[in-house]
Amino acid sequence: MNTALLPVLLPLVTAIACLLWGRPSAARRVFVGLSAAAQLGLAAVLVARTFAGETLVLAVGNWVAPFGIVLVVDLLAAVMLALSTFTGLMAILHGFAELPARVEHPLRLPLVQFILAGIHLAFCTGDLFNLFVAFEIMLIASYALLTLEADDWDVKQAFPYVMVNLVGSVLFLCAAGFTYALFGTLNFADVAQRAATLAGDSRVTVLALLLLVVFGIKAGVFPLYYWLPNSYPTLPAPLAGFYAGLLTKVGVYVLLRVFGTVLPHDLTGVHTLLAWLAGATMVLGVLGRCRAISSAAFCPTTS
């Protein structure tokens, strides 16, 4: 089996096994913990192999690009896999310490693994439409996990998260269609080759702006981040750390991948806009968080 498939296959198989296992138990937790540790070990192996100069490529179903889906693990993807598997393992272990197995929701661990499968597919894919599929796997599981253990008030806080990301998914489909109409392919490598011949074309600039909006929503870039403050805090602590550490970072990774290796490098205006938005996100995001903490500290409590 090609190693490039394992980062996606392992969490997917683990999630399905947990669903079939049913009721939470200590044995189920040991199984998930061992799987998470194995995923981290696999990521470490991939980092070592790609650091040595190897790039793992798998043409799924033996369909060659650009007609089939291609999985590619280079050094950047391997490093992101290592970070995501480490974060996932820490969140899972924190969850084990937070609650005894007998009161754990039976769907918590399977949904965490489905989210990891979607995240890892996003890191490994070399195709724009398969990236859309990866985002949908990740987001659908995250919608369920966000509301799984929520009360009536917390469920309402999840509505902006769901709606904004649904809009982002629609825009993503439009961007994929526009990309295919412009380049005749959705494969990242082929798009990069053909985009180089269209340097300076206004249509490429429009596509870049559309992708900036799509992935900016996923990354929580200013001013598209207003859904974040009220959604993540509704989660239990280990899941909130899991969401904050991974979900928006997938959007950041895709921005880096698309604007760094796929689209032409002469999009100076779009790159400048992205830089300003990134700076505004860091500054205003921190100020907004400080304001939320101070409001909570001085807000009178009721008994």
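As a summary of the residue check, PRO24 satisfies the conditions (1) of a type outside the set (Ser, Thr, Tyr); (2) touching a Pro at 6+ places or on another chain (Cβ under 9 Å); (3) part of a helix (DSSP H, G or I) except for the one numbered (3).
Residues of the range 145-169 that are of a type in the set (Asp, Glu) and surrounded by 14 or more Cβ atoms within 10 Å (Cβ to Cβ): GLU149, ASP154.
Looking across PHE188, PHE132, PHE172, one residue alone is closer than 24 Å to LEU274 by Cβ, surrounded by 16 or more Cβ atoms within 10 Å (Cβ to Cβ) and in contact with a strand residue (DSSP E or B) (Cβ under 9 Å, 6 or more places away or on another chain). It is PHE188. Set side by side, the residues VAL45, VAL30 differ, and just one is free of Cβ contacts under 8 Å to residues at least 24 places away in the same chain and not aromatic (Phe, Trp, Tyr), which is VAL30. Among the residues of the range 199-219, is any exposed (fewer than 15 other Cβ atoms within 10 Å of the Cβ), more than 20 Å from the chain's Cα centre (by Cα) and of a type in the set (Ser, Thr, Tyr)? Yes, that holds for at least one residue.
Among the candidates PHE114, PHE183, the residue that is at pLDDT 90 or above, farther than 27 Å from THR14 by Cβ and among the aromatic types (Phe, Trp, Tyr) is uniquely PHE183.
Tell me, please, whether a residue that is within 19 Å of ILE119 (Cβ to Cβ), at pLDDT below 90 and over 19 Å from the mean Cα position of the chain (by Cα) can be found in the range 152-168. No, the range 152-168 has no match at all. Scanning the range 55-75 for residues that are part of a strand (DSSP E or B) and more than 9 Å from ASN187 (Cβ to Cβ) turns up LEU56, VAL57, LEU58, ALA59, LEU71, VAL72, VAL73.
The residues in the range 76-113 that are over 20 Å from LEU246 (Cα atoms) and surrounded by 17 or more Cβ atoms within 10 Å (Cβ to Cβ) can be counted, and the count is 1. Residues in the range 226-249: is at least one in contact with a Cys (Cβ under 9 Å, 6 or more places away or on another chain) and farther than 22 Å from VAL79 by Cβ? No. Within the option set ALA37, ALA27, being of a type outside the set (D, E, K, R) and under 25 Å from LYS249 (Cα atoms) holds for one residue only, ALA37.
Among the residues examined, VAL73 qualifies as surrounded by 15 or more Cβ atoms within 10 Å (Cβ to Cβ) and of a type outside the set (Lys, Arg). Scanning the range 15-24 for residues that are at pLDDT 90 or above and farther than 15 Å from ILE137 by Cα yields ALA17, CYS18, LEU19, LEU20. For the range 212-230, check the following and say yes or no: at least one residue is of a type in the set (A, V, I, L, M), modelled with pLDDT of 90 or more and over 24 Å from LEU116 (Cβ atoms). Yes: the range 212-230 contains one or more residues that are of a type in the set (A, V, I, L, M), modelled with pLDDT of 90 or more and over 24 Å from LEU116 (Cβ atoms). Just one of the listed residues (LEU224, LEU273) is within 16 Å of GLY168 (Cβ to Cβ) and over 15 Å from the mean Cα position of the chain (by Cα), and it is LEU224. Scanning the range 6-25 for residues that are loosely packed, with under 15 Cβ neighbours inside 10 Å and of a type in the set (Val, Ile, Thr) turns up VAL13, ILE16.
The values are calculated or read from the model by the stated rules, or taken from the named source; none is laboratory data. Keep in mind the model is a prediction, meaning the values are calculated, not measured. Cβ: placed from backbone, ideal geometry, glycine included. Neighbour counts: every protein chain shown.
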